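Laboratory data are not the source of any read-out in this text; all were calculated from the coordinates shown. What you are looking at is a predicted structure, and each value in this text was computed from that prediction instead of being measured. In this analysis, Cβ positions are derived from the backbone assuming ideal geometry, glycine residues included, and neighbour counts consider all displayed protein chains.
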Amino acid sequence: MAYEADPRIPFPYSATPTACRAEPELFAYEHGDSNSDDITIRVDQATTACAACPLAPRCLKWALANPDLTQTGIWAATTPRQRCTLRQRLIDRLGPDWVAIVAEHDRRRSGRPTPRVLTAPDGDAPEAVPAASSA
Ligand code: SF4
């Protein structure tokens, strides 16, 4: 099944290749992977690379907003289990639609227009439409 990224939290763009793009195998990780020295060393290397990455704060936000796309792997120095914990904290603090609250906060800080969210009449998932492109 193909999952769509939540359009409210765009993935941060970088013209400079990030470590995860340059060496994606370093960031491969699944819950239940053994605690072998090899994996521990690799995860340490990935989290160290993330710690030095200028995209890390926005990468983490995107990873948390897109659980279906980030079920595996190291994203912004977090494991899948750590992201589950962080998501639950956001839900506890901001409610189940925490992504909308965070996206609106980001929009206000950036001065971007508010996207209109359309709900299909057949009950399909809502679709965000940038205000500038609305008719
Ligand atoms: S913070 Fe995100 S974009 Fe940067 S190296 Fe880590 S996983 Fe890649």
So which residues in the stretch 44-69 are among the acidic types (Asp, Glu) and more than 18 Å from GLN88 (Cα to Cα), if there are any at all?
ASP44
If you go through ARG58, ARG83, ARG42, ARG87, the only one that is more than 16 Å from the ligand (Cβ to nearest atom) and either of a type outside the set (Val, Ile, Thr) or more than 16 Å from the chain's Cα centre (by Cα) (or both) is ARG87
Just checking, how many residues over the stretch 50-98 are polar (S, T, N, Q) and surrounded by fewer than 18 Cβ atoms within 10 Å (Cβ to Cβ)?
5
Exclusive hit being under 19 Å from PRO12 (Cβ atoms), of a type in the set (A, V, I, L, M), out of contact with any Leu (no Cβ under 8 Å at 6 or more places or on another chain) and without any contact (Cβ under 8 Å) to a residue 24 or more places away in the chain, set ALA65, ALA103, ALA56:
ALA56
Are any of the residues in the stretch 9-32 away from the ligand (no atom under 16 Å from the Cβ) and either among the aromatic types (Phe, Trp, Tyr) or surrounded by fewer than 11 Cβ atoms within 10 Å (Cβ to Cβ) (or both)?
yes
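Could you please give the count of residues in the stretch 12-24 that are closer than 18 Å to PRO80 by Cβ and in contact (Cβ under 8 Å) with a residue 12 or more places away in the chain?
1
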